[in-house]
Structures are given as structure tokens and as C-alpha cells.
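All remarks here apply to the structure that follows.
Readers should treat all values here as calculations from the given coordinates under stated rules, not as data from a laboratory. Remember, it's a predicted structure, so these values are computed and weren't measured experimentally. Neighbour counts run over all protein chains shown; Cβ positions are idealised from the backbone, glycine included.
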2 protein chains.
Amino acid sequence: MTPELSQLFEFLRFPSISTDSAYSGDVRACAEWLQAKLSGMGLDAQLHETPGHPIVVAKNEHRDGVPTVMIYGHYDVQPVDPVELWDSPPFEPELRDGKIWGRGSTDNKGQMFAHVLGVEKALQQGELPVNLILLFEGEEEIGSKNLPAFLEAHRDELKCDVIAVSDTGMVAPGVPTMGYGLRGITCGEVLIKGPSGDLHSGVYGGSVMNPATAIGRVIASLHDADERVAIDGFYDDVRDLETWEREMWETVPFGEKQYLEETGAPAAVGEAGYSVKERLWARPTAEVNGVGAGYQGEGSKTVIASEAMAKLSFRLVPDQDPDDILRKVEAHVMKHAPEGVTVEFVPGHSGEPYLSDPNSEFGKAAQSALAETFGREPVLIREGGSIPIINTFKSILGADSLMLGLALPGCQIHAPNENFHVANFEAGIELNQLLLKKLAACSAK
Amino acid sequence: MTPELSQLFEFLRFPSISTDSAYSGDVRACAEWLQAKLSGMGLDAQLHETPGHPIVVAKNEHRDGVPTVMIYGHYDVQPVDPVELWDSPPFEPELRDGKIWGRGSTDNKGQMFAHVLGVEKALQQGELPVNLILLFEGEEEIGSKNLPAFLEAHRDELKCDVIAVSDTGMVAPGVPTMGYGLRGITCGEVLIKGPSGDLHSGVYGGSVMNPATAIGRVIASLHDADERVAIDGFYDDVRDLETWEREMWETVPFGEKQYLEETGAPAAVGEAGYSVKERLWARPTAEVNGVGAGYQGEGSKTVIASEAMAKLSFRLVPDQDPDDILRKVEAHVMKHAPEGVTVEFVPGHSGEPYLSDPNSEFGKAAQSALAETFGREPVLIREGGSIPIINTFKSILGADSLMLGLALPGCQIHAPNENFHVANFEAGIELNQLLLKKLAACSAK
């Protein structure tokens, strides 16, 4: 085993499960280990207390005239249940079949530690070519709840020109992938009330609007026959895909076949006129995350429920505004709920969509580092999900994020048998060194 | 307290809860008490074992040339939970405000015992004017599961010309009510499957048919803009309301105002062109008794569920055939489920609609007994619910049932503080005597 892998294994052995207070001591021990590692490399590494788990920040000595680069990652991990489905213990990492098996191997310890080791190698060769800020939090898996306040409080020390994040995926093995966009989100719950209590569907059925029927109608009203979202004004501010994006994405080795394999869905269904990739990465959606009313147990119960609910979420793309969309959703729900019930719409959380220019000076530098590391030009994609912290970085620190994900399909993040390809771990170390070199050649702001 | 009330109170004190095996001994004790009471009246009273609770049958000595009348009732009762909501203990009956308070006071001990006491009074005056069969079961509240086999096995001894059942309601206090029809029912469950597991709605949302959306569309497809059931052929065999029925029902002191008070619904909504009463009693329905998919807990979870389900039931009217309707429902569901999911339809239980002629010779006799008892002409109604045993009587014994309900709005059957008006109890005793007299004048088959 290489010394790099042994160190990663040491890091992986901490059960730094952030959501479970039984592991608080392990999370802290992991942060302290990380701080010690970074100090040992010659960086100024600090462990910052928060109301939750610590944040570790490490910097080299900054100087004028070179760009300031932040590398963000997280040392906390997901729980391991159901632990009986693991082929080897989640916190006793193993090498098998060219992969590192263990909780956190991909998400995110393996990816972030590749950056740490890249920096270490660069430091062994002399001064770093950039002003570096390493920012590692211990609460990403529980919503990064203390990070925004920390960024606000340390806005000046954390000022940077660009941020690199390796916490996303590659579209396929060997295909370097840079993400430059994320969908936003807004959520809300529809609550429908009909009769004051549950009714016997025989004695009373036929002259009362059934809340379960009403919620079905509201759900059915969300899309038109082309599977477009049928809410008035929903697409008003949607920015069209650029021609270069549609052309680029056609070359990305991911499509309907892989999507159907991954999801197990019988068919790919979505907005007419767009490919699977375009629908996932650049088009907004309306989804029902939950619906419930009446009797859901075994057998039958001839009841008309007094209430029904549906949880809705909407993935947003530039330049949709979550608050504006939420108002339009509410108006739509009120308009489409049938007569004979009362309707309440309870807004939920929101997050802005994110889009940066992958061909900015920094973006080009990152593309070049990826190309050199993997021996082929990277594909440029957006992500269908939302990573709220990227928007927070943008709004508080003013810097864009380069998403240089190293996860592969099948890496089982958040699931049993999480794994990380050794080849990607090693590529990550190289990528970091090249990235810092290429970014150093860009203009500092 | 009258001797009649004391005896009823004795009957009510048995906690004859059929669904809870902890009370099996009490159910049996109640049946034995009833058998002893009927034997003491001079009837041939037998307690018949079943795989469940006993059936009590009592007969006078039958003779040729007079009609054979069966009176059906049940001595089992519903559970009493939540017992803390009762103003007086459910099995310690009390008289307050002109009402008898206790579990079973209306449903069905009070009503059936009025018949018993009516028969007792008639016997005290001499021979009964009819051949009488009293049939009292102990499993009505758990679906009368052993009664059909018992009827089959004793078909000859139970042969009768007409059946009287007091287990329904009066539309308003002082308004004698005869029911001559019941809606039938058929049920089924729609199971929708999409992706093989729950999906992240950000990463995967937009190109997969969401099962929760699909179930909403199926539900929304059940009705048209006039709130008619939109299933092809659903109304093909629906028998139109007779002119006399529509005219009669206009005089029934029950309508939208009372319906809204009882249900607490914001508005009466139903099939265009029909009144509330017509919709409840003589028009078929499609109801969603339950719907469920995805996350239904607090807050939000951005998931696309792999499955969704809806439990549907359909109230049927003559001459709809439950099997035929079930086939049409299944075809409709298959046709209206969107592309991108698989659909399964699981048929549930069924029951035929029931309709008899209220103006038959026996019907006229019952109307006359009701009119004389209450001092006004009875209203003739149908019931929105289903009473499967009435169809079973018809199919096995070949006899129609006269539904001479004595329950009043507010009697709280199946709920805490069940009560029965003393006036209705006393009216029931009188009604029985008049009924037997009037039926005696009808032709025996």
C-alpha cells in the first residue's frame, strides 16, 4: 500500500457521522487529526468551534499578485445503516478490486484528501503557486447549518478568487467532468380540508368533494400533455440552453440508456423537445415528493378522509426566482383545487439555481488541468441537484465554484459498500497539483 | 323505570364486543341471556354454535295459511374506544334527557329488543298472528362472516315471506322512515410502480414519470367536469329514478342544509342534475378511500417515490353489476395511467345493490304500521350505504327486507355516547305489534 493510501485509510477510520450525537467525539477527533495533518504540512491550520462540529481552515502564507484559491470539502460522513449489508466494516477500509471500500471513501474524505495530498506534494517541491485556503467542514451531511454564519464572520480572511470543490461525479470512468451549474429548488405543501371528520363513503359519498380526489386533481393539473409544467408564468424567466451546451452535452457519454439502468424506470418521460440530460440539468421540474389521504393500510376501509396533503418541490434553473415561482405555484394550487374543499399552501425551503461560465479564465484553467490529468478533454455539465453551499459561497464570498467531481457511477455514496477507485484517488492528487499551477497563471482579482 | 327499560338495561350491560376475543365470554353470556328471555316468552329458542359467536333463533309454532315473518337483528356491539370520551360508562346504561345512554342502545340492542318486547306483548294477548322467526346474530359488527353459511345450512327452517330489520335510521325525529333500497359496492386498489427504488428528485427529476404524479392523474380521470364518473360505460345499466321517487324525496325533511351540518363539508358537490338525496341514495359514485406515495412526515424530503397506490371504491345502484363495473374500472385505470410507469389493479370485495318495491303488499303493510305508530305517513327512502346481509337474505332465502330504522341523527352509533331515544324504543315496541298484525293480513306465498 502506498503511503498516500495508508494516510487516507487512517482518515477513513474515524466514524465521523455528523448526524448522530453519539459520534460527536469521533467527529472532533477526525477534525483534530485533519488539523494536525495540515499543520504538519507547514500550513497555518486552525480548528474553529461552531455551535455544531468544528470547521478546519488551513492557509499558506498569502502574498500579493497571485490568485487566492479555496478548496472546499467535508470530513463528516453519512450513517452506515443498514450495516449488515456492508461486505466489509464501514470504518475498517479495505482495498479490493482496485477500489477503496469504506464510508466516506468517495463522499467526501477520499476526494478532499486527494486535494490535501496534492497540496502536500506541491509544498514538498517549494512554495505553493497560489494563495491557498483549505476549508473543511464537519456538517455537510446535515445541511451545513453553521457554515454560512462562519463565512459571514470570516468574510475577509476567506476572500478568494475561485473555489474548487470535488464533491460531485464523473459522467463515466475516465471521462473528466466539470460542473458549472446546479438547479435551484423551492418547496411547498398543499393541505386540503373537506368534511370536518372522516365520513362513511356509503352513507355520505356522492355529494361531498372528497379531499383525496381533490389532491389528485391538483397533482394532475401540474403538467400539460407535453409534460411541461402547467403553472402560469412558470417558464417566464427560464434561460434557454446555449447552442454550445446542447452540442457539448450530445457528446457526454450519459443518456437515456444509462438513466434507465440507474433508475430502473420503465421509460424516460419528460418535457417534450429536450433530451434526458437537458431535462435533468437545464430544465425546471414540478415533482410530488409525497401524497397522502385516507386509509393506506391493508385491505379496504370505505372512508372519505377529511384531509389530504401533497408535498411539492420544484427544481429551478436560471433565471427563475424561487420566491416568484412559489407565488405562482400558490396561485395555481388555489385556482385548480376543486369547489367543496378548503386549501392551504404552506411554503417550504428554497435555494437559488447556480450557473457559472465554464469558459472563464479560471474555468479554462480547470479544464486544462482535467484534460492533462485524464488524457482527454473534459465534458462540461450541469447538475440536476442543488448544492446550497455553492450559492452561499457566491453570495457571501463572491466567488464561483469549479465542480471537479471524482465520484463514479456505482460508488454507493450514502449507501452500504461505498467505494472509491484508487485510480481516481491518485488522479485527484495529480489534478490538484496541476490545478493550482494552472490557476496560478490566471489573473488575481 | 318501566319494566321494559329495566330489561333493556340488563341486555345493554353485557359488553358483547364481537371484534375483541377478550370479550368472547361476554358475547356468549349475552346470547344465552337472550335465548333464555325468548324461551321464557314461550318461543322455541335455540342457540346455534358457529365458528365465531352464536346465532340465536326463536320461532313460535308455525301453521299454514299465514305469512312467515323474519325479524333480524344483532346483539353484538362495537368497541367503546376512546372510552374517556363517554359521559357515562358504556356498559352501565343511564337514562338522561329522555335518552338511553350506552353502547348498543341504538345499534342494535335497543332496536332489536323493541321487537322482542313487541312480540312478548303480542304473545301475552294470545297466539301470534304470523309465523315468526327471530334471527339474532353476534357478528354483524365484524361482517356477519358466519351468517351466510348458517342461512345455507338452515335454508328450509328459515324460509320466510318477508324480513323486517330495524338497523337503519329515521331521517328526522318523529318522521317514520322505510328504506327499500341500498347501494352496492365494488372496490379495488391501483398500484403504480416507476423507478426500482426511491430517487433523488434533484439528481433524477425531470425525465422519469413520478408515481405520485401518475396516481394523481388516475384519480383526476375518475370524474368529468359535471362530477359524473368518467369511466366508459359506467352508467350503462343505471336504472333511472322513478318519478314518484323524485317527488317523494322532495318531501323528505333532509337535504343540503342538514347534510352540510352533519358532514362539516364547505359545500355540497356532486353529480350535476341531482339533489343531495338523489346523489346519496340512487346515484353511483367513484371514491378514493386512500392514496399514498413518498414522504408523508414532517418537513420535506426531495424524493421521487418508486411506488404509489390508491384505494378506490364505487357505490353502485340497480342495475349495475359489480363484476362488470370492476372490469370497466380496470380498463379505465390502465388507459389513464401515464406512460413511464407500470400499473396493477387489484380487485377488492363487492356487493350487489338492493332495491325492493316499497309498495308491494308487505311494503304497504309496513307503511301502514309505521303511519299508525308515529301518527304520520312514512317517508320512503333508499340508503347510501351497503348492508350485505340484506342481499344475502334475498339470494339465499328469497325474501325482501323491510328496513324500518329507528335510529335518529345524533345517536352516535360506533362512537362515544351512543344513545337511543326512549320515545323511539317505546315506538319500536308498538311498531312491532302493529307490523305483525298488518303483515298477517297479507297473502302467504
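Summary table
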{"item": "Degrees between helix A:322-336 axis and first principal axis of chain A (Cα, 0 to 90, nearest 10)", "result": "20 degrees"}
{"item": "Cα-Cα over 27 Å, subset of A:LYS145/A:LYS394; B:LYS364/B:LYS394; A:LYS328/B:LYS301; B:LYS59/B:LYS437; A:LYS335/B:LYS301; A:LYS335/B:LYS193", "result": "A:LYS335/B:LYS193"}
{"item": "Selected from B:TYR295, B:TYR235, B:TYR75 as most flexible by GNM, with chain B as the system and alpha-carbon contacts under 10 Å", "result": "B:TYR295"}
{"item": "Cβ nearest the rotation axis (A onto B), residue from chain A and distance to the nearest whole Å", "result": "A:ALA220, 2"}
{"item": "Compactness index (Cα Rg / 2.2 N^0.38 Å), segment B:265-354", "result": "1.37"}
{"item": "Relative contact order (%) - segment A:218-310, alpha-carbon pairs under 8 angstrom, separation at least six", "result": "25 percent"}
{"item": "Of every Cα-Cα pair in segment B:82-141, the percent that sits beyond 20 Å", "result": "44 percent"}
{"item": "Å³ per residue enclosed by the Cα convex hull of segment A:1-143", "result": "112 Å³"}
{"item": "Two-decimal log10 I(q)/I(0) for segment A:241-396, as the Debye equation yields it once each C-alpha is a single scatterer, q = 0.09, 0.12, 0.15, 0.19 Å⁻¹", "result": "-0.46, -0.75, -1.04, -1.35"}
{"item": "Shape box of the protein assembly as shown [Cα atoms, principal axes, largest first, Å]", "result": "121, 50, 46"}
{"item": "Hydrodynamic radius of chain B per Kirkwood, over alpha carbon pairs, in Å", "result": "23.8 Å"}
{"item": "Peptide B:250-261 - average C-beta neighbours from other chains (10 Å radius)", "result": "1"}
{"item": "Cβ-derived FRET efficiency at R0 25 Å, A:HIS48 paired with A:ALA415, nearest 0.05", "result": "0.20"}
{"item": "Listed peptides B:158-169, A:124-135 by packing density, highest first (mean Cβ within 10 Å)", "result": "B:158-169, A:124-135"}
{"item": "Relative contact order %, chain B, counting alpha carbon pairs below 8 Å whose residues are six or more apart", "result": "26 percent"}
{"item": "For segment B:127-271, the spread of Cα positions along each principal axis, largest first, Å", "result": "83, 43, 32"}
{"item": "Relative contact order computed over segment B:97-213 (Cα-Cα under 8 Å; 6+ residues apart), in percent", "result": "18 percent"}
{"item": "Projected area averaged over orientations for segment A:125-190, convex hull of C-alpha atoms, nm²", "result": "8.5 nm²"}
{"item": "Peptides A:224-230, A:273-279, B:199-205 ordered by average Cβ neighbours within 10 Å, highest first", "result": "B:199-205, A:273-279, A:224-230"}
{"item": "10 Å Cβ neighbours from other chains, averaged over peptide A:214-226", "result": "5"}
{"item": "Total charge dipole magnitude, chain B, about the Cα centre, Cβ charges on Lys, Arg, Asp, Glu only, Debye to nearest 20", "result": "120 debye"}
{"item": "Partner chain coverage, peptide B:395-403 - average Cβ within 10 angstrom", "result": "0"}
{"item": "Cross-link partners of A:LYS99 among lysines (Cα-Cα below 18 Å; sequence separation of 8 or more within a chain)", "result": "A:LYS109"}
{"item": "Cβ-based charge dipole, the protein assembly as shown, positive-most Cα from A:THR302, A:ALA212, A:LEU406", "result": "A:ALA212"}
{"item": "DSSP beta bridges in segment A:1-139 [antiparallel fraction, %, rounded to 5]", "result": "60 percent"}
{"item": "Rounded if a/c under 1.5, otherwise prolate or oblate - segment B:361-445, Cα gyration tensor axes", "result": "oblate"}
{"item": "Folded to 0 to 90 degrees: helix A:211-220 orientation relative to chain A principal axis, Cα", "result": "60 degrees"}
{"item": "Proximal lysines relative to A:LYS257, as straight alpha-carbon distance under 16 Å, when same-chain residues fewer than 8 apart are discounted", "result": "A:LYS277"}
{"item": "Built amide H within the under 5 Å cut-off of A:VAL208, gap 5+", "result": "B:VAL269"}
{"item": "Column: log10 I(q)/I(0), Debye, Cα scatterers of segment B:73-182, q = 0.14, 0.18 Å⁻¹", "result": "-0.77, -1.17"}
{"item": "For chain A, built as a Gaussian network whose Cα springs stay under 10 Å, the top-fluctuating residue of A:PHE150, A:PHE420, A:PHE91", "result": "A:PHE150"}
